[in-house]
Each structure stands twice: as structure tokens, then as C-alpha cells.
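Each value in this text was obtained by applying a stated rule to the coordinates, not by laboratory testing. The shown structure was predicted, so the numbers you read here are calculated from the model rather than taken from an experiment. Methodologically, a virtual Cβ is constructed for each residue, glycine included, from the backbone with ideal geometry; neighbour enumeration extends over all protein chains shown.
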């Protein structure tokens, strides 16, 4: 059960990041506070905040049942992979050779830690 809830926390965290990015695209120029105030009540931002809240609840449960030294690298590394893929597909962000190499190193690190 803890693994399923960890997967849920990972998905919710990744979706939250993607929603907030989509809500902030095209924000334009201005101060940090002006941009956030203008976008804060948009549906993607509110959806992202909600997903973060549910991810926190799920991840808190996982930490009660699993070693943090295993759960955290899996959580962050898998979220990193999902977000990298989404950023290329949804936001047309470039992926460089060095980023691919870094992703491979992170994946290997997660594999070693999770064993």
C-alpha cells in the first residue's frame, strides 16, 4: 500500500508543477508580486496548489511507513523525470545532451539507493 501511495504522491507532485507552469506561461513583465497576484486565482494555479496539498498528505503517510532515505530519492527523482518529459512535450523546452546525461546519473543514483 505504501508504494501505491508513493506513486500517487509522485503523480500529484508532478501534476502540480505542470499545472503551475502552465498557469504562469505568458505572465509577462512586472514584479514578482504583481505577476503572482495576477495569476494566483487562475484555474491551473489553484489546481496546482490543490495537487501539492494532496501530494503532501500522501507523502506524509509514506514517510510514516517507509525510510525517508529511500522514499525521498524515489519521489524527487521520479518527479524530475516526469517533469523533464512534460517540459519537452508540453512546453517545448529544449533537452540537451548534458541534461540527458544528468538524468541518467540521477536514475542510476535512485536505483542504487532503492536497493
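Results, tabulated for the structure shown:
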{"quantity": "Filter pass, residue 53 being assigned to a helix (DSSP H, G or I), surrounded by 16 or more Cβ atoms within 10 Å (Cβ to Cβ) and under 18 Å from the mean Cα position of the chain (by Cα)", "calculated": "no"}
{"quantity": "Filtered residue count, the stretch 1-11, keeping only those that are within 13 Å of the chain's Cα centre (by Cα) and surrounded by fewer than 18 Cβ atoms within 10 Å (Cβ to Cβ)", "calculated": "3"}
{"quantity": "Any hit, the stretch 57-70, residues being part of a helix (DSSP H, G or I) and under 28 Å from residue 92 (Cα atoms)", "calculated": "no"}
{"quantity": "Filtered residue count, the stretch 82-115, keeping only those that are surrounded by fewer than 16 Cβ atoms within 10 Å (Cβ to Cβ) and either touching a strand residue (DSSP E or B) at 6+ places or on another chain (Cβ under 8 Å) or part of a helix (DSSP H, G or I) (or both)", "calculated": "20"}
{"quantity": "Residue ID - nearest to residue 110 (Cα to Cα), chosen from residues in the stretch 62-74 that are surrounded by fewer than 16 Cβ atoms within 10 Å (Cβ to Cβ) and over 18 Å from the mean Cα position of the chain (by Cα)", "calculated": "69"}
{"quantity": "Filtered residue count, the stretch 12-27, keeping only those that are without any contact (Cβ under 8 Å) to a residue 40 or more places away in the chain and either crowded, with 21+ Cβ neighbours inside 10 Å or under 18 Å from residue 88 (Cα atoms) (or both)", "calculated": "7"}
